[in-house]
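Report on one structure; see the data block that follows.
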Amino acid sequence: MAKILVTGGLGFIGSHSVVELQNEGFEVSIIDDLSNSSLSVLDGISKITGKVPNFHQFDLKDKSKVQTFFKANQDIKGIVHFAASKAVGDSVKQPLAYYENNVNPLIYLLQEAARLEQVSFIFSSSCTVYGQADILPITETAPIQTASSPYGSTKQIGETITRDTCERHTNVKAIALRYFNPIGAHKSAYIGELPIGTPQNLVPFITQTAIGIQKELAVFGNDYPTADGTCVRDYIHVVDLAKAHVTALQHLLNSKQSSHYDVFNIGTGQGRSVLEIITTFENVSNKTLPYTIVNRRSGDVASAYADTTKANTKLGWTATLPLHDAIQSAWKWQQKIVNK
Ligand code: UD1
C-alpha cells in the first residue's frame, strides 16, 4: 500500500487523519516537532489502529533535515501537510514567526515533492480565506477576502504556492481543503484535541469550563445579524474531516489528469450559533454551563457555513456524524484527559 507522509501527524486533525489513513491500509510516516503536540498521541493512534506509524521528530523549518528525510524516503506517494501554527491571536502578535513557520516548511516540502516521480499533496487550508462572505452558504467560487490576521494570510499564500507548484511541476498533484470548524475527538477517547494554555476555540473552552478548569464561558457578542444574535459557524466532527483527507488523497492518487490542483470546502453545510452549541453541550453532558455575554471578539465574522456540493459530487465525500456525536466525543475526551 502507498506510503504517505503526514506532517503534524500528532496534532489534533493530523492524528485523526493518521488513524483513518491507517484504517484504509496506507503506510504512514509522521514528521512532527512536538511544538504543539505530545509523544503520547503516538500511543493513542496505535491503540486505535493496532499499528505504530513511523515517527520522525524534527522541525520542518530545518531545510537540510527535510532534504535528508526525502533522500531516504523516495517512495513516498502522498503528503498530507498539517504542520503549522494556528492561533489567530498569536499570529497578530508575532507575524514573522507565523510566516516563517507556516510558509517556509511548505516551500521546502514542495521543493522535495517536485523532485519525486509522482506525488499527491493535501494542503490544510481554512474557511478563514473567505472572511465574511456575502453569500451563504459559501461556495469555493466565493471571493478570497483580505486576510484579517497573519494566520489567515499564511493559508491564502499557502494555497497560491501549492497551486503554482502544480502548474509548473505536473508530477505534483494537490488539493487544498478549506476546513470550517473542526471539533470533537475519536470515539475511543484515545486521541483528541490538546490545547496548550487557555483554549481560544469554542468547544474546548466549553468542555474545560464544564470540568472546572475555566470559570465560565464568555460568549463573544449577541448582537450579530443572526437568528439568536450569536455567531454562526459550521462545526464538523474531526473524524469526518479526517476521512475527507483520505478521500481527497485517493482522488489524487487515482487522478488521470495531466495536471491537478483543486480546492474543496470541508464542512457539514449547517450553520450553528454559539448558543446552539451551548444547548447541545448541556443536553449531552447533563450539566448547566456557566456563561456570560461579553463584547464581540475582534476579527470574528457573523456567519460562515459551507456549501459542500463540490466535495459531495467531485470527491464523493459527505460529513455523516451529527453535531451531538461531535460534542459528546469532545466531552468524553475532556473527562479522560482530566482524570488521567
Ligand atoms: C478560528 C479561526 C479559523 C480556524 C479555526 C480553528 C479565524 C477568524 N478563525 O475559527 O481560521 O480555522 O479557529 O478551529 O481565523 N466563541 C465564544 N467564546 C469563546 C470562543 C469562541 O463565544 O471563548 C465564539 C466565537 O466568537 C465564534 C465561535 O465561538 O463565533 C467559534 O469560535 P472559534 O472556535 O474560535 O472558531 P473561529 O473563530 O470560527
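The values are calculated or read from the model by the stated rules, or taken from the named source; none is laboratory data. As the structure is a computational prediction, the values presented were derived from the model and not from experiment. Here the Cβ positions follow ideal geometry from the backbone for every residue, glycine too, while neighbour counts run over all protein chains shown. Heavy atoms of the whole protein, side chains included, go into the accessibility calculation; ligands, DNA and RNA do not. Shrake-Rupley method; radii C 1.70, N 1.55, O 1.52, S 1.80 Å.
Scanning region 211-230 for residues that are surrounded by 16 or more Cβ atoms within 10 Å (Cβ to Cβ), touching a helix residue (DSSP H, G or I) at 6+ places or on another chain (Cβ under 6 Å) and in contact (Cβ under 8 Å) with a residue 24 or more places away in the chain returns 211, 217, 219, 230. The sole residue among 93, 77, 86 that is in contact (Cβ under 8 Å) with a residue 40 or more places away in the chain, within 16 Å of the ligand (Cβ to nearest atom), open to solvent by 60 Å² or more (accessible area, probe 1.4 Å) and out of contact with any Pro (no Cβ under 8 Å at 6 or more places or on another chain) is 86.
Per the listing 128, 146, 162, 141, the residue uniquely within 16 Å of the chain's Cα centre (by Cα) and not in a strand (DSSP E or B) is 128. Among the residues making up region 270-293, those that are open to solvent by less than 60 Å² (accessible area, probe 1.4 Å) and either in contact (Cβ under 8 Å) with a residue 60 or more places away in the chain or among the β-branched types (Val, Ile, Thr) (or both) are 271, 274, 277, 278, 280, 281, 284, 285, 289, 290, 292.
Read through the list (1) open to solvent by 10 Å² or more (accessible area, probe 1.4 Å); (2) within 22 Å of the chain's Cα centre (by Cα), then give the number of the only condition that residue 257 fails. So the condition that residue 257 fails would be (2). Note on region 119-149: among residues that are in contact with a Ser or Thr (Cβ under 6 Å, 6 or more places away or on another chain) and open to solvent by less than 20 Å² (accessible area, probe 1.4 Å), the one that is nearest to the ligand (Cβ to nearest atom) is 149. Looking only at region 55-70, filter to residues that are within 21 Å of the chain's Cα centre (by Cα), open to solvent by 20 Å² or more (accessible area, probe 1.4 Å) and not aromatic (Phe, Trp, Tyr); which one of those is farthest from residue 25 (Cα to Cα)? That would be 61. Taking region 311-336 as the range and being assigned to a helix (DSSP H, G or I) and open to solvent by 50 Å² or more (accessible area, probe 1.4 Å) as the test, the residues that pass are 312, 313, 314, 324, 325, 328, 332, 335, 336.
Taking the residues in region 163-191 that are among the aliphatic types (A, V, I, L, M) and closer than 16 Å to residue 112 by Cβ as candidates, determine which candidate is farthest from the ligand (Cβ to nearest atom). Looking at the filtered set, the residue picked out is 172.
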